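**Student:** Got a structure for you, written out below as structure tokens; questions coming shortly.
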Amino acid sequence: MRRLSLIAMAVAALATGCTMAPKYERPAAPVSASFPADGVYAAQPVAAQGGARSANGVAAADLGWRDFFVDARLQQLIDIALKNNRDLRVAMLNVQAAQAQYRIVRSELFPTLAAQGSQSNQRTPRDLSILNHTITNSYNVGLNASWEIDLFGRVQSLKDQALAQYFATAYARKAAEISLVSQVATQYLQVLQADDLLAVTRQTLKSASDSYGIVKLQFENGTTSELDLSQARTVMESAAANLQAQERARAQAVNALVLLLGEPMPDDLADGMPLDGQNLLTDIPAGLPSDLLLRRPDIMEAEQNLLAANANIGAARAAFFPSISLTGSFGTISPTLGGLFKAGSAAWSFAPTITLPIFEGGQNLANLDLAHIQKKIEIANYEKSIQSAFRDVADGLAARGTYDQQIAALERDTAAQQRRLALSTLRYKQGVDSYLGVLTAQQDLYAAQQTLITVRTQRLANLVTLYQALGGGWIERTGDAPRAADAG
């Protein structure tokens with residue numbers, strides 16, 4: 001029954017001129033028709049306020065990265081990375097390699113033609129020779145041609161598979177470039193975070209050192225206890241240790257950024273903006289999950305891999321049917337070199353060949369089963385890529401709907417901690433409280449300042465990630481015509 005169904009498909013292929021690959025149908029997206037909108041998702045920014053810049057309803061894929069990022073230094077760093085990053089360079093070379101592989105497979109659709117010249121000597125035993133000619137010379141010059149008639153679409157299916165693999169590699173390169181833009185921006189934010197943390201730590205260390213000097217003087221004058229002196233030193237030494245850790249973290253953050261750039265950090269970088277001055281676009285519309293099918297290159301890559309697997313089934317089916325090849329040659333043959341182009345030396349041959357598989361130990365059936373299994377694997381990969389994209393966007397929306405309120409609360413907490421430190425210091429100087437109150441207030445203020453800086457960085461990094469998750473980062477300026485995925 002299986003062979004009969006294959007024969008029926010072969011007849012249909014011959015009648016329509018198509019391959020034996022199954023008709024492709026895009027799998028349904030295994031996600032909800034819309035992104036979550038309740039709870040933490042409800043507080044999405046709808047318009048820029050308070051001096052913030054607005055996307056004005058433009059989708060992320062249509063927003064140029066120079067318009068999303070306002071920091072001139074960051075823009076310069078992204079531009080350098082796009083020219084020098086080695087991972088991106090490898091991704092582009094992979095595209096070129098896939099293109100060459102496609103051309104190799106496509107060439108099998110056409111006849112091959114080759115020129116050939118040969119000379120041979122042969123000795124025949126005397127008792128077997130004619131007219132005692134024991135040594136025979138032969139000279140041959142001509143053209144050889146061969147062609148496989150692709151009646152059942154085997155080569156066509158392989159060509160379609162190679163083409164889909166080429167497109168998949170191109171989309172992988174596009175995804176790598178979008179990811180690189182996001183990585184450079186996120187790593188740059190890490191450097192800015194380290195700068196802010198160092199500034200707070202230096203300020204805390206100076207304040208703690210000043211307080212320790214005062215407490216030490218009081219201890220030497222006998223107006224305070226050794227416990228107060230030890231507590232004052234605790235804050236100072238803790239800040240000094242944090243300073244070294246943060247200096248190390250900043251150096252390592254710069255090293256990670258240099259790796260992404262693909263070259264040493266230039267000396268002529270433009271002036272940058274502080275962490276709280278990045279002013280990224282915060283109101284990029286999320287659209288619908290179905291939009292991701294056209295915005296996300298990783299999803300398009302997965303679909304091309306699925307198309308390649310679908311085409312491979314056509315090649316596996318065609319292997320059950322005859323293979324017809326035509327070979328021929330035309331030229332001249334002469335026993336002497338000078339007689340090659342004389343009248344009567346022309347020679348030709350034509351040798352059509354048909355090969356029909358009869359018994360191959362189940363190899364063709366196994367190849368067809370494997371092709372079907374590989375297609376099922378690619379369907380699962382395609383569906384998983386859609387689910388992952390849905391989750392990326394949903395996570396970004398959840399974070400975007402909560403970070404502003406969290407930062408506002410942390411800013412109020414930091415202001416309250418600063419007031420608390422001032423009051424605790426005043427009460428200690430007046431002899432109302434011990435130095436423990438000042439110590440605790442100072443430590444809590446330091447922790448609150450660090451938390452605020454960290455969350456501000458996380459908010460900006462989330463906006464960058466959401467921009468990437470929605471397909472942004474491929475074009476340089478808003479309004480530019482999108483490049484092809486395989487563009488250099």
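**Student:** Before we move on, is Asp196 touching a residue at least 60 places away in the same chain (Cβ under 8 Å), in a helix (DSSP H, G or I), acidic (Asp, Glu) and over 30 Å from Phe321 (Cβ atoms)?
**Tutor:** Considered against the rule, which asks whether it is touching a residue at least 60 places away in the same chain (Cβ under 8 Å), in a helix (DSSP H, G or I), acidic (Asp, Glu) and over 30 Å from Phe321 (Cβ atoms), Asp196 comes out as yes.
**Student:** For Asn279, are the conditions met, namely being at pLDDT 90 or above, polar (S, T, N, Q) and part of a loop (DSSP other than H, G, I, E, B)?
**Tutor:** yes
**Student:** Between Arg295, Arg202, Arg250, Arg233, which is over 26 Å from the mean Cα position of the chain (by Cα), under 30 Å from Leu88 (Cα atoms) and of a type in the set (Lys, Arg)?
**Tutor:** Going through Arg295, Arg202, Arg250, Arg233 in turn, just one is over 26 Å from the mean Cα position of the chain (by Cα), under 30 Å from Leu88 (Cα atoms) and of a type in the set (Lys, Arg): Arg250.
**Student:** So how many residues does region 392-429 have that are β-branched (Val, Ile, Thr) and under 26 Å from Val215 (Cβ atoms)?
**Tutor:** Residues in region 392-429 being β-branched (Val, Ile, Thr) and under 26 Å from Val215 (Cβ atoms): 2 in total.
**Student:** Yes or no: region 9-21 includes at least one residue that is over 30 Å from Phe320 (Cβ atoms) and either at pLDDT 90 or above or not β-branched (Val, Ile, Thr) (or both).
**Tutor:** no
Table: residues versus (1) touching a residue at least 40 places away in the same chain (Cβ under 8 Å); (2) over 17 Å from Gln450 (Cα atoms); (3) in contact with a helix residue (DSSP H, G or I) (Cβ under 8 Å, 6 or more places away or on another chain); (4) of a type in the set (Ser, Thr, Tyr).
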| site | (1), (2), (3), (4) |
| --- | --- |
| Glu383 | yes, yes, no, no |
| Phe390 | yes, yes, yes, no |
| Gly401 | yes, yes, yes, no |
| Glu411 | yes, no, yes, no |
| Ala415 | no, no, no, no |
| Ser424 | no, yes, yes, yes |
| Arg427 | no, yes, yes, no |
| Val432 | no, yes, no, no |
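**Student:** Taking the condition surrounded by fewer than 15 Cβ atoms within 10 Å (Cβ to Cβ), at negative phi and outside any loop (DSSP other than H, G, I, E, B), does Ala422 pass?
**Tutor:** Criteria met by Ala422.
**Student:** Still on this model: Answer yes if at least one residue in region 281-291 is closer than 30 Å to Asp195 by Cβ, of a type in the set (Asp, Glu) and under 24 Å from the mean Cα position of the chain (by Cα), and no otherwise.
**Tutor:** no
**Student:** A further question follows. Could you list, in sequence order, the residues of region 321-336 that are among the aliphatic types (A, V, I, L, M) and farther than 21 Å from Ala347 by Cβ?
**Tutor:** Ile324
**Student:** For region 404-417, indicate whether the set of residues that are over 17 Å from Gln231 (Cβ atoms) and not in a helix (DSSP H, G or I) is non-empty.
**Tutor:** no
The values are calculated or read from the model by the stated rules, or taken from the named source; none is laboratory data. Fair warning: this is a prediction, and the values are worked out from it, not measured in the lab. Backbone-built Cβ (ideal geometry, glycine too); neighbour counts: all protein chains shown.
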